[in-house]
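Nothing in this text is a laboratory measurement; each read-out follows from the coordinates by a stated rule. Since we're looking at a predicted model, the values are computed, not measured. A quick note on method: Cβ atoms are made from the backbone with ideal geometry, for glycine too, and the neighbour counts reach across all protein chains shown.
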Amino acid sequence: MQNITTTLKKLFYLWKRSQVPVKKPIKISRIDNLIIFLVCVLISIISSYKLLLISPLNLADIFSWLWNFTEILIISGVLILVSKKENPSISSRQILLIITLLLAVQVTKLYFASSISPLSMIIPPALIISQGMGSITALAWVSVASFSWPDPAVAVNNNLFFILLVCSSVVSLLGARIRSRAQLLQLSIFVPIGSFLTQWILIGKDKISLINKQDFVLANGNIFSESFLLAIVMLFTILFIPIFESIFGLLTKARLLELADKEKPLIRRLSLEAPGTFEHTLLICGLAEEATRMIGGDIDLIKTGALYHDVGKLHAPNWFIENQDGSKNPHDEIDDPIKSAEVLQAHVDEGLKFARKNRLPKLIANFIPEHQGTLKMGYFFQKAKEKNLDINEYYFRYRGPIPQSKETAILMLADGCEAALRAMNTKASDKQALEVISKIISSRQKDGQLDNSNLSKGEIFLIKRAFLNVWKRIRHRRIQYPTGKNNTFS
């Protein structure tokens, strides 16, 4: 009986691992870890040192300080773990941004708690974090920043604290979903109005004053002043978000939509100099978008990444068959499979150069090498074998890396399926199309290309169905309309 139980546990464990692969976080260097740790220690000191200023100081006070110091240090560590859990690809710069914002808020609380509302201290940083790193990280940050106050003598009104938590939670949840700068502006208007109305209801009308004072903006306790200051700080935060994007490598929804604009110079060049590649890119976008939507992935990320994945072909457009007019093929002229394979690898290397030159975010640049992974250039490898060249298969494989995310893996699968689906007869059945899709995806799996992608078996099944649905939409035939001398038909 015990053996059966052990076997069942093993089977359950293997099944669970096969369904939800574990995504390993990116390793951070020791120096970066040390810097992050030192900032966390500094936060703990600032948040607790006032407990040591009590006179006379006794052993109980020291233990109270030590407990508070350790508590702040631990919750700072938990905040970092939460951010890594939500974003396994988070960089040390982004972690540093999270804890630096926490440090800035603690310092602000220490020196300006009597003159600035906690709403203006906590809500704007929550907007930055939610935009760049997601709702869960932002909510965790809000929890830490709201509950830890450096000065125990400063008491926050319970109603105001409740409003703070509600407003910052709304900003954290909506901030991760906002897809344009205009929506950010709307948020910066409606949140202060909402905080004003709720304070008016919960705290009282006697706290409202529109009389011009010298300290109007910093009039803590005045509801209108606090809401006005919150609106100003949020507007300035929105203005500075692009700077945070550049310095800390944040990739917001608004930034993705800006990069996906087809009038961007690099995309425009692709459409003019490599029109076949551009058309191929648009078709892949359709497949990849539908598949990502089906599994609940980041649609904006894959849409933008797909547009840039083949920009490296701009270095030599006519060497790729989709850009050839059928008259001559440069690969036939050189008649050297090894050099032809080098040209194919070059479109990845040159693509990364274009990405650096145009300052594309790292998450977008990752699509360039990962959509090819370490796939074999089968056509030229076969040509080499026909010439009886004794050469290692290694020279006919892309240099990778293999896809490290669901989105880059989906793009690889869409890239492989696009040409095969487009070449199929319009009269082909759904079953035949699904067989072609399954064969291509299975070959990628057997080759180990999806090992680091974190795609489960269930998600791969949904991707196949998504590709099939897109093919069913584009396979339709058009009838031949009769045309006369003086009329046309539509």
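Assuming R0 = 22 Å, what is the FRET efficiency of Asp332 and Thr426, from their Cβ-Cβ distance, to the nearest 0.05? Walk me through the numbers before you get to the answer.
Details: r = 30 Å, r/R0 = 1.38.
Here the calculated transfer efficiency is 0.10.
Over all directions, what mean area does the Cα convex hull of the stretch 23-254 project, stated in square nanometres?
Numbers: hull surface 56.5 nm².
Seen from a random direction, the Cα hull of the stretch 23-254 projects 14.1 nm² on average.
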Item to check | Charge dipole (the chain, unit charges on Cβ, about Cα centre) - positive-most of Phe112, Ala316, Pro330 | outcome: Pro330
Checklist entry - R0 = 41 Å: FRET efficiency of Arg293 with Arg268, Cβ-based, nearest 0.05? => result 0.95
Checklist entry - Counting only residues 5 or more places away or on other chains, whose amide H sits under 5 Å from the amide H of Arg397 once H atoms are built in the peptide plane? => result Met377
Checklist entry - Hey, got the dipole for the chain? About the Cα centre, +1 on K and R Cβ, -1 on D and E Cβ, debye to the nearest 20? => result 1140
Checklist entry - Cα centroids of the stretch 417-436 and the stretch 74-120: how far apart, whole angstrom? => result 51
Checklist entry - Given R₀ = 45 Å, FRET efficiency for His315-Asp447 by Cβ-Cβ distance, to 0.05? => result 0.95
Checklist entry - Within the stretch 23-254, how many Lys pairs sit with Cα atoms under 26 Å apart, leaving out pairs fewer than 8 places apart on the same chain? => result 16
Item to check | Fraction in percent of alpha-carbon pairs per bin - 10 Å, the stretch 260-474 | outcome: 8, 33, 38, 19, 2
Checklist entry - In nm, to one decimal, how far is the modelled label at Leu53 from the one at Ser114, with both set 7 Å along Cα→Cβ? => result 1.1
Checklist entry - In which sequence would His347, His315 go, from the one with the fewest C-beta neighbours within 10 Å to the one with the most? => result His315, His347
Checklist outcome for this item: Filtered hits (aspartates and glutamates, Cα-Cα < 19 Å from Lys385, offset >= 8 within chain) -> Asp332, Glu333, Asp335, Asp336, Glu342, Glu393
Checklist entry - Among Phe278, Gln432, His347, whose Cα sits farthest toward the positive end of the charge dipole of the stretch 260-474 (+1 at Cβ of Lys/Arg, -1 at Cβ of Asp/Glu, about the Cα centre)? => result Gln432
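Treat every Asp and Glu Cβ in the stretch 260-474 as -1 and every Lys and Arg Cβ as +1, leave all other atoms uncharged, and give the resulting dipole magnitude about the Cα centre to the nearest 20 debye.
Numbers: 32 positive and 30 negative charges, 92 e Å.
Charge dipole, the stretch 260-474, about its Cα centre: 440 debye, nearest 20.
Taking the number of other C-beta atoms within 10 Å as the exposure measure, put Met377, Met424 in order starting with the fewest.
Values: Met377 22, Met424 14.
Final ranking by Cβ density, sparse to dense: Met424, Met377.
Sort 408-418, 354-364, 323-333 by packing, meaning the average of other beta carbons within 10 Å per residue, with the highest value first.
Working: 408-418: 26.2, 354-364: 16.2, 323-333: 11.4.
Put in order of decreasing packing, that is 408-418, 354-364, 323-333.
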Next on the checklist: Using 26 Å as the Cα-Cα cut-off, could you pick out the over-long pairs in Lys303/Lys353; Lys264/Lys303; Lys313/Lys362; Lys313/Lys376; Lys383/Lys457?
Outcome noted: Lys383/Lys457
Checklist entry - For Glu370, Glu386, what's the fewest-to-most ordering of other Cβ within 10 Å of each Cβ? => result Glu386, Glu370
Item to check | Principal axis dimensions, the chain - Cα atoms, whole angstrom, descending | outcome: 91, 77, 50
